[in-house]
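Enquirer: I'd like to ask some things about the structure below.
Quick note: the coordinates plus some simple rules give every number you see, no bench work behind them. All values derive from a computational prediction rather than experimental measurement. With ideal geometry, Cβ positions are generated from the backbone for all residues, glycine too; neighbour counts draw on all protein chains shown.
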Amino acid sequence: MSNLDLSYLYKGGSRWLLLTGGVIALDQWTKSLVIARLDEFESVVLLPVLDFMRLHNEGAAFSLLSDASGWQRWFFILVGCAVSTGIFFWIRSLPSRGQYLLAAALSLVMGGALGNVIDRILLGHVVDFIRVHYRGSYFPAFNIADSAITIGAGLLMLDALLQSYPKTRESRSSKTYVASKNKKLSKKKVSKKSGTKRVVTKKNVTKKNVAKKKKDSR
């Protein structure tokens, strides 16, 4: 019996899917701890600006559309699956070496999206539990999956900036090179013109001197 060829599992940047799996595992583990130890709306104070409170979010990340009538559950499941499928093939299309920042960003976003999709399928809602607040102002509750999505989105923007910077620098250097080259050419043209004028002037002076000598000899 021939050995199975499993090389397709490691195509492109597929190794980065391990990061996706790690995000999903961490997200589901922390949520299971919260469900086992806290009732809904029960909280544990960790710091003056941070506490854990079990909340059920039927909307998107950071409680977006949480007050909708229920259609959002299946809508966000479809969106999460579609986005994750697109990212999966995007990661596999990346080279096995290089573009690490982009691969990490995509893996984090995919892990966060699937972590919340699992909650919606199994529970009908997403378990949020991290609450950050300061002087009575509360940031919308979130979880590990939301954090992974946010960090991944930030890394995507950073990667886009880093990718555009060399092109901008190259275009500037090329413009500078063209400008300096044109300046040198214009200097050469001016020097050629001035040299031509000098030659013409010398010829005219020589002709005048010859004519003068002829007159004197007569």
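Enquirer: Kindly list the residues of the stretch 126-154 that lie in the label zone of VAL45, defined by a backbone N under 16 Å from the point 7 Å along the Cα-to-C-beta vector.
Expert: Within reach of a label on VAL45, which here means backbone N under 16 Å from a point 7 Å along Cα→Cβ, the stretch 126-154 contributes 131-138.
Enquirer: Each label point is 7 Å from the Cα along the Cα-to-Cβ direction; what then is the distance between the points at TYR100 and LEU64, in nm?
Expert: 3.1
Enquirer: Can you give the convex hull volume of the alpha carbon atoms of the stretch 1-150 per residue, in Å³?
Expert: 146
Enquirer: Once label points are set 7 Å from the Cα along Cα→Cβ at both ALA36 and ARG135, what is their separation, rounded to one decimal in nm?
Expert: Distance between label points: 4.0 nm.
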